[in-house]
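Some notes on the structure that comes next.
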């Protein structure tokens, strides 16, 4: 029986050949890395791109390069992967979580502004908007009050490569200091593992490149006179990962169109049941990358019913996603966060992600839809 997971990579023969070809040259920090960074920057119409070993590494490096003082305030969504908040802690920042808007599952901007506005306006702060599920946040609004309250903005677009905001790709960093993409296997495109920082700030880009490789400046005239000028890290990405990323980048638009098509088919099939979907505040100006296709139920679902519902579908080969457990619910963060976030808790108990990836056929989409619809009826979820 074939198994269908919420996300999956899509690798073809051209991708494999690109990796093999890259093995004939330098395996690290060579010409393929340079080409990959340049082509990503050109695609997203941004000045600089820095590739690293993961999106977590990219977040860590980018925040460190901004030079925020220890114990500075950072603000991000309670509904995100732990890497977002962990990167703040790696940089000795204080983490402030913000509840989500229950319609679009992104940061509730009114709650965000309330939290940011009470902090000292003279001290530099950090906002990390998370484009959850691939749907962009309202970056123009965030940019406006980031300027007002003296904040840097780093977009966590790990799930949003290929998404558009105001008819331009997320990644151009027009309304932020930098944007982070993930190249994890289930993301829009993959390099196996990897992360990207996109920015229009040369000073920031240069600092990130320095920190990526131990904080060492290499003497271009010699091969031995290398000077460590800053405490950096080993967050380098390999040439064969970049070769795969380059090959995948050529197919990004095709992948996103396929995801959009699958999402539209799901909407037609599931809207009759009265389930809700992730809503854009302005569909004409927001174009989701559909990293997730989310179905959201209007009423609470007990943990017992959720478990039975999910197990029933796994026996049919269908593995729905339950990303993510809210940050404040993790054992580690319970020691740091003493607030409640009702909307993110509601989302976690009432939302599921259907399988969505470019490999799915129409027959498979029908099979997934029919089985999930039957399960919804069986467990009386709508």
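Structure values in brief
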read-out	value
Matching residues, the stretch 173-183, being in a loop (DSSP other than H, G, I, E, B) and surrounded by 20 or more Cβ atoms within 10 Å (Cβ to Cβ)	173, 175, 176, 177, 183
Residue match in the stretch 23-33 (condition: in contact with a strand residue (DSSP E or B) (Cβ under 8 Å, 6 or more places away or on another chain), buried (at least 21 other Cβ atoms within 10 Å of the Cβ) and farther than 19 Å from residue 358 by Cβ)	yes
Residue list for the stretch 68-97, restricted to those being in contact with a helix residue (DSSP H, G or I) (Cβ under 8 Å, 6 or more places away or on another chain) and in a loop (DSSP other than H, G, I, E, B)	78, 79, 80, 91, 93
Options 41, 87, 55: the member that is surrounded by fewer than 22 Cβ atoms within 10 Å (Cβ to Cβ), in the same structural domain as residue 211 (by TED's automatic domain parsing) and modelled with pLDDT of 95 or more	41
Single unsatisfied condition, residue 123 versus (1) farther than 22 Å from residue 8 by Cβ; (2) touching a strand residue (DSSP E or B) at 6+ places or on another chain (Cβ under 8 Å); (3) surrounded by 22 or more Cβ atoms within 10 Å (Cβ to Cβ); (4) touching a residue at least 40 places away in the same chain (Cβ under 8 Å)	(3)
Options 141, 218; residue that is at negative phi and either buried (at least 24 other Cβ atoms within 10 Å of the Cβ) or modelled with pLDDT under 95 (or both)	218
Residue in the stretch 173-192 that is within 23 Å of residue 292 (Cα to Cα) and free of Cβ contacts under 8 Å to residues at least 40 places away in the same chain present	no
Residue within the stretch 110-127 that is at pLDDT 95 or above, in a loop (DSSP other than H, G, I, E, B), under 22 Å from the mean Cα position of the chain (by Cα) and on the phi < 0 side of the Ramachandran plot present	no
Residues that are assigned to a loop (DSSP other than H, G, I, E, B), in contact (Cβ under 8 Å) with a residue 60 or more places away in the chain and under 26 Å from residue 258 (Cβ atoms), drawn from the stretch 12-50	45, 46
Spans of helices (runs of 4 or more DSSP H) in the stretch 187-287 with at least 2 residues more than 28 Å from residue 153 (Cβ to Cβ) and in contact with a strand residue (DSSP E or B) (Cβ under 8 Å, 6 or more places away or on another chain)	252-270
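The values are calculated or read from the model by the stated rules, or taken from the named source; none is laboratory data. Fair warning: this is a prediction, and the values are worked out from it, not measured in the lab. Don't worry about glycine lacking a Cβ; one is built from the backbone with ideal geometry, like all the others, and counts go over all protein chains shown.
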